[in-house]
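The values are calculated or read from the model by the stated rules, or taken from the named source; none is laboratory data. Here the structure is a predicted model, which is why all the values come from computation and not from measurement. Ideal geometry is used to build each Cβ from the backbone, glycine not excepted, and the neighbour counts take in all protein chains shown.
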Amino acid sequence: MDKFLSTVPFTILFLPLFGAIVIAIVGPRVHRAGAAIIGNLSIFGSFVLTAMLAHTVWQMPVDQQAFTVKYPPAWAAHPAFWAHIPPLTISFELRIDPLALVWMLIVTGVGFLIHLYSVGYMAQSRWYRTFFAYMNIFVFTMLMLVMAGNFLWLLVGWGGVGLASYLLIGFDSNRIAAVTAARKALIMNVIGDVGIMLAIFIMYAHFGSLSYKVVFANITSASTNTLDWIGIWLLLGAVAKSAQLPLHTWLPDAMEGPTPVSALIHAATMVTAGVYLVVRAHPIYDHAPAAAMAVAVVGCASAVFAATVGMAQYDIKRVLAYSTMSQIGYMVLAVGVGAYAAGTFHFVTHAFFKALLFMAAGIIIHDLGGEQDIRKMGGLVRRMPLAFWTFLVGTLAIVGIFPFAGFFSKDAILDQLLALHHPILWAFATATALITAYYMFRLLFMTFFTGEYRGDHEPHTGTARTMVVPTVILAGLATVGGWLVLPGRDEISRALQGAFTDRGPLPAIGEINWFVSGVTTLAALAGIAGAYWLYQRAPDLRARLGSAFAPVHRLLANAYYVDTIYHWIVEVPVLTFASDVAKYIDPEGVGGFTAGIAHATSGIGEAMRGWETGYLRRYGLTMVIGMVLVLAYYIFVVHGGTSIGVR
Amino acid sequence: MIGLFWICTVVLIVTAIGVIGSKHPVHSVVALIVNFAALAVLFLTLNAEFLAMIQIIIYAGAILVLFLFVITLLTIGTQPIEVGPSRLSFQAVPSIVAGIAALALLAAGVRGARTAAPAAPPDFGFVGTFGLQLLTTHLFAFEVTGFVLLIAVLGVILMAARKEVRF
Amino acid sequence: MMIPTNDYLAAASALFVIGIIGFLMRRNPITMLMAIELMWNAGNLVFAAFARNFVDMSGQIFVFIVITVAAAEAAIALAIVVMVFRRRREVDVDDVSVLRG
């Protein structure tokens, strides 16, 4: 393997980490712009190298496009493992194939754009340098996750992104809401980590190795039941990381973090890690239909659930959070039924338009001085034209209107659902498309139209160029990104083929299914029309409907009270138990135990005081008794009772 | 010879009981003197003439005289005899029991064939032999014994020079 | 005919035990000291008997040294007794229990 291919992956992976370390060491001593420059340059460097690597790989013949690199060649003298606990050997290996490359390109590419955006957005933060260091750590751990060559290093990256998420959500650590949200995200992520660990344990028990090469090559040697279990536990991890039902409650709260964080981590990259996991482990799911169906059902349910909740939210970022959950539901649904190319394609387009939406929302929030409640907005179409046009592009993309990106990817998924004979799931997915159109345009109308500006602050103009440029670039990508898959030119499937050499050719997703696309477009238009009617044309109708369906509205606004349920089932018992332990068991149990030892020791001392009577004759008696005992021992035990006198 | 041995042994035991049993300390001292005499005869039967003489001279002649002096000095104006019941409970009976147990064990230990001692060279136990052994083979012990006596003298002088101590 | 060594040992054992009982039962300190003397003499008898048994003068030398040490000890012990009981009405060893723990 040539030197380029065997060293570049490591450079790509470690460049962001190196950047973070440099920021940590040098950053505080230089002007804060230095941290921004180092952060942005390291990610950009990774992106460029990734692009070069991708270009090289996709020139190669299809059956050679997937390969594993272990340790840089310079260390060839070292043994080929990172850990060797007989009989398990784990290497530090990276797997480079088209699947990983797609994710790497998005992570570094969109990541770089968001880094650039943060230069302007975080300008007022006191911890500016720390922010860039944390973002670099996130990019590093995310790359570790997608580039890993065995499940252990995947888990390392998995936990790493959870940590980065925790650090970044709670970035403004003076706000209790942010810190609580960060803790909640971490705890739920850890539940997912446990799922992956259990899957790893089963894998080790059956395959004896955690390396992708070994596990996937011997996949048929395990029973379907085993593979089902592995799939279920991996699904648990995916559910937690991708905020699917039922471990989704951390995602809306995660919006407490700064908007670039929401854009990068909780929209474009980290939350898609669950999707990546399922696609990466596709041999497992291909042979475990029950687990795969579970994945699809979870995805579908999450998509519908989140869409309905999104209809009743008033915080601009929360609407986007639920829409992320819903779109990820689409991706999970797609990979659950085996439409891996469609799911990946939707990931790519979603990264574009969701990051775009968050950036545009960020511009609005930034210019309104921190206002996020859409009831306090309105009429911004004239005051903030840039934000409006970019937000519009993103909305059209997510709703799936031709020719924007979402049209192609969403229709690809829906088409595959029917082609793979899942009509019920297709019906739900199409209904979700209707609801998605409704709530996204509701958001658009309430923010930019519906009469005059209702807010308190005067929006100030003049957004920084570093914020504007990435937004516009993403708007462009959201427009043209879908054109990777056109009738007769399925770039995605062609590109990914190299990662699916075991399955034969992937189904082409480029052909337009007029029925599916027609129905979907109609549904979307219906949703848009509904939002337009209720919000622009007939606000009194909306008010009447609102009061008539008030309980339903409350249910949706509180996200089906899932948070409340979790609070009473999990939080309250755990906290009560913890406080009880601290109040009772700790002082009396543990404290009592240690005090008890002290008491016992002094008690023995007290007891032994009784021996020191002070009477000489008593001491003498004790000595004589001792002498008698020693004599008896000596005669009977040592000499066995025979005489020791003179013979 | 055997008769002598047994007579001496009987005297030994009887006077020993007399030592510990007498109420008045002076009676005890007298019994002790007879005890030492019997012991000296026993030494003679063991071919230890020098030891027998030393026993009489030093033990009976010096140490017991010292005892008598102390009894005299101490009991002027005081009750020499123990009055009242003992303050220590569980002292008498356990003592006797322990003593009997010790005796039984020692008896068990020394039982066995009663063979006589082998023949000894004629000058065994003579003063000359003794002195030669003392000053050649066991010279170090002899010198250390001197130190012990020195220390005893020093100790007694220091204690005598001390002012009254109140207990 | 010589006397068997075991007989001497038996006599010494009896003497020793009498000394023990006397030491533990009497309260007069001087009587206690005399009981101690009995114990010493029992030991001396054993040494002399074995010296004769093994035809080794070392036993008799040891008796000599024991007598010397006993003399020194008796002197010091009596000095202590005099000091402690000088001003008392009754002479009872049980009075001296100041080192009670």
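The table that follows gives values for the structure above.
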{"read-out": "Any hit, the stretch A:449-463, residues being part of a loop (DSSP other than H, G, I, E, B), over 32 Å from the mean Cα position of the chain (by Cα), at pLDDT 70 or above and not hydroxyl-bearing (Ser, Thr, Tyr)", "value": "yes"}
{"read-out": "Set B:Ile100, B:Ile96, B:Ile17: member being more than 7 Å from chain C (Cβ to nearest Cβ), assigned to a helix (DSSP H, G or I), of a type in the set (A, V, I, L, M) and surrounded by fewer than 19 Cβ atoms within 10 Å (Cβ to Cβ)", "value": "B:Ile100"}
{"read-out": "Residue check for A:Met188: touching a His at 6+ places or on another chain (Cβ under 8 Å) and part of a helix (DSSP H, G or I)", "value": "no"}
{"read-out": "Residue that is farthest from A:Met104 (Cα to Cα) [pool: residues in the stretch A:3-30 that are surrounded by 15 or more Cβ atoms within 10 Å (Cβ to Cβ) and aromatic (Phe, Trp, Tyr)]", "value": "A:Phe18"}
{"read-out": "Test: residue in the stretch B:43-62 that is surrounded by fewer than 16 Cβ atoms within 10 Å (Cβ to Cβ), of a type in the set (Val, Ile, Thr), farther than 23 Å from C:Ala12 by Cβ and at pLDDT 80 or above", "value": "no"}
{"read-out": "Hits in the stretch B:120-167 - residues which are closer than 30 Å to B:Leu44 by Cα, outside any helix (DSSP H, G or I) and at the interface with chain C (Cβ under 8 Å from one of its Cβ atoms)", "value": "B:Ala120, B:Pro121, B:Phe124, B:Gly125, B:Thr137, B:His138"}
{"read-out": "Tabulated pairs, the stretch A:614-643, first within 14 Å of chain C (Cβ to nearest Cβ), second basic (Lys, Arg), C-beta under 8 angstrom, 6+ apart or interchain", "value": "A:Gly614/C:Arg100; A:Tyr615/B:Arg87; A:Arg617/C:Arg27; A:Ser643/B:Arg111"}
{"read-out": "In the stretch B:32-52, the residues that are touching a residue at least 12 places away in the same chain (Cβ under 8 Å) and either acidic (Asp, Glu) or more than 9 Å from chain C (Cβ to nearest Cβ) (or both)", "value": "B:Ile33, B:Val34, B:Ala37, B:Ala38, B:Ala40, B:Val41, B:Glu49, B:Ala52"}
{"read-out": "Pick from the stretch A:153-169, criterion hydrophobic (A, V, I, L, M, F, W, C) and surrounded by 22 or more Cβ atoms within 10 Å (Cβ to Cβ), ranking: farthest from A:Met359 (Cα to Cα)", "value": "A:Trp153"}
{"read-out": "Test: C:Arg86 is at the interface with chain A (Cβ under 10 Å from one of its Cβ atoms), surrounded by fewer than 24 Cβ atoms within 10 Å (Cβ to Cβ), charged (D, E, K, R) and free of Cβ contacts under 8 Å to residues at least 60 places away in the same chain", "value": "no"}
{"read-out": "Any hit, the stretch A:613-622, residues being at pLDDT below 85 and either surrounded by 10 or more Cβ atoms within 10 Å (Cβ to Cβ) or over 20 Å from A:Leu247 (Cβ atoms) (or both)", "value": "yes"}
{"read-out": "Checking A:Phe140 against (1) within 30 Å of A:Pro283 (Cβ to Cβ); (2) surrounded by fewer than 24 Cβ atoms within 10 Å (Cβ to Cβ), the condition it does not meet", "value": "(2)"}
{"read-out": "Hits in the stretch C:15-69 - residues which are outside any helix (DSSP H, G or I) and closer than 18 Å to B:Ile96 by Cβ", "value": "C:Arg26, C:Arg27"}
{"read-out": "Filter result for the condition that a residue is among the hydrophobic types (A, V, I, L, M, F, W, C) and at positive phi, over C:Val55, C:Val17", "value": "C:Val55"}
{"read-out": "Residues located in the stretch A:366-399, provided they are in contact with a helix residue (DSSP H, G or I) (Cβ under 6 Å, 6 or more places away or on another chain) and within 30 Å of A:Ser517 (Cα to Cα)", "value": "A:Ala387, A:Phe388, A:Thr390, A:Phe391, A:Val393, A:Gly394, A:Thr395, A:Ala397, A:Ile398, A:Val399"}
{"read-out": "Any pair with Cβ under 8 angstrom, 6 or more apart, that starts in the stretch A:204-219 at a residue that is part of a helix (DSSP H, G or I) and ends at one that is crowded, with 17+ Cβ neighbours inside 10 Å and among the hydroxyl-bearing types (Ser, Thr, Tyr)", "value": "A:His206/A:Thr226; A:Tyr212/A:Thr68; A:Lys213/A:Thr68; A:Val215/A:Ser209"}
{"read-out": "Count of the stretch B:106-119 residues which are facing chain C (nearest Cβ under 9 Å) and either over 30 Å from A:Leu629 (Cβ atoms) or in a helix (DSSP H, G or I) (or both)", "value": "9"}
{"read-out": "Residue that is surrounded by the fewest Cβ atoms within 10 Å (Cβ to Cβ), among those in the stretch C:1-59 that are more than 19 Å from A:Met627 (Cα to Cα) and β-branched (Val, Ile, Thr)", "value": "C:Val55"}
{"read-out": "Looking only at the stretch C:28-73, and only at residues there that are among the charged types (D, E, K, R) and more than 18 Å from B:Ile13 (Cβ to Cβ), the one that is farthest from the other protein chains (Cβ to nearest Cβ)", "value": "C:Asp56"}
{"read-out": "Selected residue [more than 14 Å from chain A (Cβ to nearest Cβ) and at pLDDT 90 or above] from C:Ile76, C:Ile20", "value": "C:Ile76"}
{"read-out": "Test for A:Gly195: is it in contact with a strand residue (DSSP E or B) (Cβ under 8 Å, 6 or more places away or on another chain), surrounded by 16 or more Cβ atoms within 10 Å (Cβ to Cβ) and assigned to a helix (DSSP H, G or I)", "value": "no"}
{"read-out": "Those residues of the stretch A:36-71 which are β-branched (Val, Ile, Thr), more than 13 Å from A:Ala499 (Cβ to Cβ) and surrounded by fewer than 18 Cβ atoms within 10 Å (Cβ to Cβ), in sequence order", "value": "A:Ile37, A:Val48, A:Thr56"}
{"read-out": "Subset of the stretch B:75-93 (residues that are of a type outside the set (Gly, Ala, Ser), modelled with pLDDT of 75 or more and outside any loop (DSSP other than H, G, I, E, B))", "value": "B:Val93"}
{"read-out": "Pairs where the first residue, in the stretch A:316-339, is in contact (Cβ under 8 Å) with a residue 12 or more places away in the chain and the second is basic (Lys, Arg) and part of a helix (DSSP H, G or I), C-beta under 8 Å, 6+ apart", "value": "A:Leu320/A:Lys354; A:Ser323/A:Lys354; A:Thr324/A:Lys354; A:Gln327/A:Lys354; A:Tyr330/A:Lys410"}
{"read-out": "Residue list for the stretch C:49-62, restricted to those being hydrophobic (A, V, I, L, M, F, W, C) and in contact with a Phe, Trp or Tyr (Cβ under 6 Å, 6 or more places away or on another chain)", "value": "C:Ala49, C:Phe62"}
{"read-out": "Given (1) over 20 Å from A:Tyr439 (Cα atoms); (2) free of Cβ contacts under 8 Å to residues at least 12 places away in the same chain, index of the condition A:Asn513 fails", "value": "(2)"}
